[in-house]
Amino acid sequence: MLQQTRVAQGLPYYHKFTERFSTISELALAEDDEVMKLWEGLGYYSRARNMLHAARFVHHKREGVFPHTYQEIRELKGVGDYTAAAIASMAFGEAYAVVDGNVYRLLSRFLGIDTPVNSSAGKKEFAQAADEMLDCEDPATYNQAVMEFGALQCIPRKPDCGHCVLRSGCEAYKTGRVEELPVKLRKKYDRKRYFHYLMIASQDHVLVERREGSDIWKHLFQFPLIETQRPLEMEALLAEVGLPDGFEVREYTSLAPHKLSHQTIYIHVLKLNMASADGLAWKGGGQWVPKSDLETLAFPRPLRQFLDQNQLNLPFGPRA
Ligand code: SF4
């Protein structure tokens, strides 16, 4: 849950999960939709799918017993070097060094390493440095200490080096490069995507569909979507969709840009009212759900926020 997510944001989700699922097997036996719903709003939904996959693996292949060694933990779906090292060292005392963003920063400054932290050469160099520094007698305490030190003392901007216990051994401090380190390669790629959602209502039902394929927000629900290379004005969108007669436009809204790690989603929502749903054959299929069910379905975060803001304002009207 805490991959790419702050503790304050993840904690309520952790409590919800542990209240609902007190064992791995309980999680393994849950429906996908229930898990996605509990995860709704936390983002990076592949983590929820991976966690469920891992729970089912542990339940079916390991009789519900969580693995105790780094190598076995690393084999669980969604678990990379960092998570495996964190679990193996803190839960089972194995000597594996964790390297997260805070540790990269601290090591880069303390050792004066200017290899970009997000290059493959950098990853190797920092992993090796972290292994060499690790306290093999007490890896759990050491790992937690370096992560906390990076998070609280050796912070990204203007760390208080004058009151730092590591100051006398810190290369960056001695050479005046604290603000220059760590070095990061700029992301070359920030893809812009334009999502136009059709929120079509007929009487007390709304048309929704489930996202499939390998794209973002897999298995979450959404409204029928038109994705384009450029933003569309309402008239152009209506022409693109080609709706049958008998609809009424209620509103065309732009949401705040939604930033993900390598892409920004620009979302527009067109609220429509259909007198009758009979003539409407949506290409993706979709399903009509009662308005009251929207609460129980897992939507991507920006759509959930939009729904929460518009609950009293849905474009319902009489069905012919
Ligand atoms: S002296 Fe400054 S740069 Fe060096 S470890 Fe301490 S806080 Fe970080």
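Using beta carbons and a limit of 7 Å, which pairs, at least six apart or on different chains, have the first residue in region 118-130 and in contact (Cβ under 8 Å) with a residue 60 or more places away in the chain and the second one surrounded by fewer than 16 Cβ atoms within 10 Å (Cβ to Cβ) and among the hydrophobic types (A, V, I, L, M, F, W, C)? These pairs meet every condition: Asn118/Leu185; Ser119/Leu185.
If you go through region 1-42 and keep only what is of a type in the set (S, T, N, Q) and open to solvent by less than 50 Å² (accessible area, probe 1.4 Å), you end up with Thr5, Ser25.
When region 128-146 is filtered for residues that are open to solvent by less than 40 Å² (accessible area, probe 1.4 Å) and away from the ligand (no atom under 13 Å from the Cβ), the ones remaining, listed by number, are Ala129, Ala130, Leu134, Pro139, Ala140, Asn143.
When Ser202, Ser168, Ser214 are checked against the criterion of being under 27 Å from Glu34 (Cα atoms), more than 29 Å from the chain's Cα centre (by Cα) and either open to solvent by 50 Å² or more (accessible area, probe 1.4 Å) or away from the ligand (no atom under 16 Å from the Cβ) (or both), a single residue qualifies: Ser202. Taking every residue in region 147-161 that is open to solvent by less than 100 Å² (accessible area, probe 1.4 Å) and pairing it with any residue that is near the ligand (Cβ under 8 Å from one of its atoms) and of a type in the set (S, T, N, Q), at least 6 positions away or on another chain, the pairs with Cβ-Cβ distances below 7 Å are Pro159/Gln153. Would you confirm, using the coordinates I've provided, whether Arg56 is at pLDDT below 95, assigned to a helix (DSSP H, G or I) and not assigned by TED's automatic domain parsing to the domain that holds Lys123? Criteria not met by Arg56. With respect to Lys123, is the statement that it is within 11 Å of the ligand (Cβ to nearest atom) and either modelled with pLDDT of 95 or more or on the phi < 0 side of the Ramachandran plot (or both) true? So Lys123 does not fit the description; no. Of all residues in region 43-56, those satisfying the criterion of being open to solvent by 50 Å² or more (accessible area, probe 1.4 Å) and more than 24 Å from Lys259 (Cβ to Cβ) are His53, Arg56.
The values are calculated or read from the model by the stated rules, or taken from the named source; none is laboratory data. These figures come from a predicted structure and were not determined experimentally. Don't worry about glycine lacking a Cβ; one is built from the backbone with ideal geometry, like all the others, and counts go over all protein chains shown. Heads up: the accessible areas ignore ligands, DNA and RNA and are worked out on the full protein's heavy atoms, side chains in. Shrake-Rupley method; radii C 1.70, N 1.55, O 1.52, S 1.80 Å.
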